[in-house]
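A quick write-up on the structure given underneath.
The values are calculated or read from the model by the stated rules, or taken from the named source; none is laboratory data. Keep in mind that this is a model prediction, so the values were computed, not measured. Positions of Cβ are backbone-derived with ideal geometry, glycine not excepted, and every protein chain shown enters the neighbour counts.
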Amino acid sequence: MTSLPTTKPEEQVTKPRIKITLKPKRNEAKELLRKAPMSYVWNQIASFWLFGSSFIFTIILTHGLSPSDYGNIGSALTIYNTGVYIAAFGLEDATTVFVPRIYSEHGKAAAAEIIRKTLLTRLIALFLLSVGMLAGIPLLAHALQILRIPGTENLQNVTLVPGLNALVFPVVFYVIGTGFMNVFAAVYTSIMRTRLTFLVGSVSQLGVILAAFAAIHTFHDIGMILWAVGGVTFATALVYFFLMLPLLLTKPDPKEVKQKFAPVLQMGWTAWLTNLINGALLKQVAIGLLQAFLFGSVVVGYFNLAFQLSHAAAYLLVAGLGGVGMAAMAASYAEKDVAALAFAWRAVSKVQVLLAVPLLGFCFIYAQQIAVVLYGAQYANVGYLMQIFLLFNIVQRLGGGGSNQAALFVVGKQRLSLWTQWIGLLITIGLGIWIVPNGGAGFGGAAGALIAVGVGQVFSEITQLILSAYYLKRIYPIRFSLKVLLALTPPMLITYFLRPSRYLKMNISAGFIHIPGSLIEIIAAVLIFTLALIVCLAIVKPIEIDDITMLSQVNPKLKPVLSPFASGNAYIEEQL
C-alpha cells in the first residue's frame, strides 16, 4: 500500500498567481527606469512653464504691436510653425523609442551612434526645408498677389516689410534654431535627463520673452523680433550641443553589433503622419465642414474655443508623460521583455486616468464658469460645447490616453496605430457630413463638429487599446479605472450641489488687482474638489499593491506616497 506524499508545513505556501521577473542585463536599463518617476515631474513642471511663457509672449506681442503688425507677425509665425512641423519628420518620437531601447540593450556608445545619425538627418532636413522656404515663399507671396485670394492681403507684399518676402530670412533662422533645439531636448528626455531640459528650456523661454520685449521697444520692427527670438532658440540649441558633446564623442564599441538606422527613419515617417492627423487634420477637417455648410465665423470661433479648452484640460496634468512615458516603455522592452513592457504600459495608463480624468470631470461641471473667466460673458455658450467634447475626452483618457499608441510604437506596430488614426479621421468626416448641417441647435453646427471629432478620436483610442492588449498579452486595468470613477463621483456631486458662489458672492479689488467672483468660485471649488477626491481615493484604494511593489523598487520614495491609496495582496514578484 502506497502512502500519499507528505508536504512539510514550510512548503505549504501559496504561490503567486502571476510571477514577473525583470532582470535587465545592463545597468543602463535600471538607471532609466529608476529615473522615470522624477523625470515625469520635471517634464510636467516644464510643460506648465512652457504654457505660461507662451501666454506671456502672446501678451507682449498684442500689447506692443499694432493690430496690423500683430497680424503680420501672426502670419509669419504660422509659416514658422508649419516649417518646424515639416522638419520634425517624426524624429523626436523615433528618438524617444529607439535611444532608450538601444541605450538599455547595448550601452551608451551604441546610443550615441543613433543620436549622431539622428542629428545628421535633422541637419539635412533643415537644410532642404530652408532652401525650399527661401525659394518658395517669395514665389508663394507673388502668386497670392496675382491671384488676390481673400484673406491673404498681409501675405501679398513681396518687397516691403511687413511683406512675407522680407520676413523669410528671420523665419528660416527661427525654424533652424527650433529644429535643433527640439531634437536635442527629445534626446535628453529619452535618457531621462528632464531636469536638465527643464533648466535649459526655462532659461530659453525666459530669454524669448525678454528678447521679444526688447526688440519691440528698441527696434519697433517685426523682422527684428523674429531675429531676436530665433537667436535665443539657436543659442539654446548650441547649449544643448555642448552639454551633449561627451555623449556624442563616445567611441563605438567594436564588439557591439552596428545599429541600423533605417528602422528609425521608418518609425519617424509613420510618427510624422500620425502626428499630422492628431495635430492638424482633425481640427481643420471639422472647421472645413463648418465653413462648407456655411456656418458663420461665430460658430467656428465657438468650436475653436471649446476644442482648445477641452484639449488643454485633457493634457494639462499629463503633458509631462509625453516623452517620458514612451521612453520608460522603450527601456522596459529592452531585449524584447514583453512582460516588463506590459507593466510599464499599464502603469502609464493608470497615471493617465488618475491625473487627467478627475480634472476633466471638474471642468465638465464648471465649463461655463471657466469659459466666462477666460473669455468673458459673451462666450458663456462655449461652456455647453465644452461639456460635449469633455465627455469624449474623458472616455479617451479612460481608454489609456496616449499610452496605447506609445506601446504600439515600442513593439514596432506603428503602422497599425497610423491606420487606426486614418480610419478615425474618415469616421470624423463621414459623421460630420451627416450631423453638422442639421442646424445650430442640438447636434448641428459646432456641437455636431465636436461630436464628429470626439467619435473619431474615441474609435482610434479604443482600437489601439484592443491592439495593445493583444500584443502585450495583458488586460487593460479596467478595475482601476472603475475605482477611480467611483472615487470621483462624490467630489463631483459635492462641487455641483455645494456651489461656493452661494457663499462667496463678491469680487476682490485692490489697486490694479481685480479678481472676479466667478474666479473666486472656481478656486474655492478646486480646493473642495481636491480635498474630497483625496479622501475618496484613500477610501476606495484604486492602486494595486502589485504596483506599489514594482514602483518602490524603481523608486523607493514612491512607496510611502502611494501606499495609502493601495489595496490587495501582492501577487507579483519583481526583481529590478
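Across the range 350-376, what is the number of residues that are at pLDDT below 85 and hydroxyl-bearing (Ser, Thr, Tyr)?
1
From GLY323, GLY412, which residue is farther than 27 Å from ALA538 by Cα and not in a helix (DSSP H, G or I)? Don't jump to the end; show me each part of the working.
Numbers: GLY323 fails: not in a helix (DSSP H, G or I).
Of the residues listed, the single one that is farther than 27 Å from ALA538 by Cα and not in a helix (DSSP H, G or I) is GLY412.
So which residues in the range 440-487 are within 22 Å of LEU385 (Cα to Cα) and among the aliphatic types (A, V, I, L, M)?
Result: ALA441, ALA446, ALA447, ALA449, LEU450, ILE451, ALA452, VAL453, VAL455, VAL458.
Give VAL458, VAL436 a once-over and let me know the one that is under 22 Å from the mean Cα position of the chain (by Cα) and assigned to a helix (DSSP H, G or I).
VAL458
Which of the residues belonging to the range 192-232 are touching an Asp or Glu at 6+ places or on another chain (Cβ under 7 Å) and surrounded by fewer than 16 Cβ atoms within 10 Å (Cβ to Cβ)?
If the condition is that a residue be touching an Asp or Glu at 6+ places or on another chain (Cβ under 7 Å) and surrounded by fewer than 16 Cβ atoms within 10 Å (Cβ to Cβ), then no residue fits.
In the range 27-70, what count of residues is obtained for those that are surrounded by fewer than 16 Cβ atoms within 10 Å (Cβ to Cβ), touching a Phe, Trp or Tyr at 6+ places or on another chain (Cβ under 9 Å) and aromatic (Phe, Trp, Tyr)?
Total satisfying the criteria: 1.
Could you please let me know if ALA109 is touching a helix residue (DSSP H, G or I) at 6+ places or on another chain (Cβ under 9 Å) and within 29 Å of TRP269 (Cβ to Cβ)?
For ALA109, the condition - touching a helix residue (DSSP H, G or I) at 6+ places or on another chain (Cβ under 9 Å) and within 29 Å of TRP269 (Cβ to Cβ) - is not met.
Name the single residue, out of those in the range 168-180 being more than 14 Å from ASN81 (Cβ to Cβ) and over 25 Å from the mean Cα position of the chain (by Cα), that is surrounded by the most Cβ atoms within 10 Å (Cβ to Cβ).
VAL168
Determine which member of the set LEU472, LEU537 is assigned by TED's automatic domain parsing to the domain that holds LEU354, at pLDDT below 90 and not β-branched (Val, Ile, Thr). Don't jump to the end; show me each part of the working.
Values: LEU537 fails: assigned by TED's automatic domain parsing to the domain that holds LEU354.
Being assigned by TED's automatic domain parsing to the domain that holds LEU354, at pLDDT below 90 and not β-branched (Val, Ile, Thr) holds for just one of LEU472, LEU537, which is LEU472.
Just checking, which of VAL298, VAL318 is free of Cβ contacts under 8 Å to residues at least 60 places away in the same chain, more than 30 Å from GLY107 (Cβ to Cβ), β-branched (Val, Ile, Thr) and outside the structural domain of ASP93 (by TED's automatic domain parsing)?
Of the residues listed, the single one that is free of Cβ contacts under 8 Å to residues at least 60 places away in the same chain, more than 30 Å from GLY107 (Cβ to Cβ), β-branched (Val, Ile, Thr) and outside the structural domain of ASP93 (by TED's automatic domain parsing) is VAL298.
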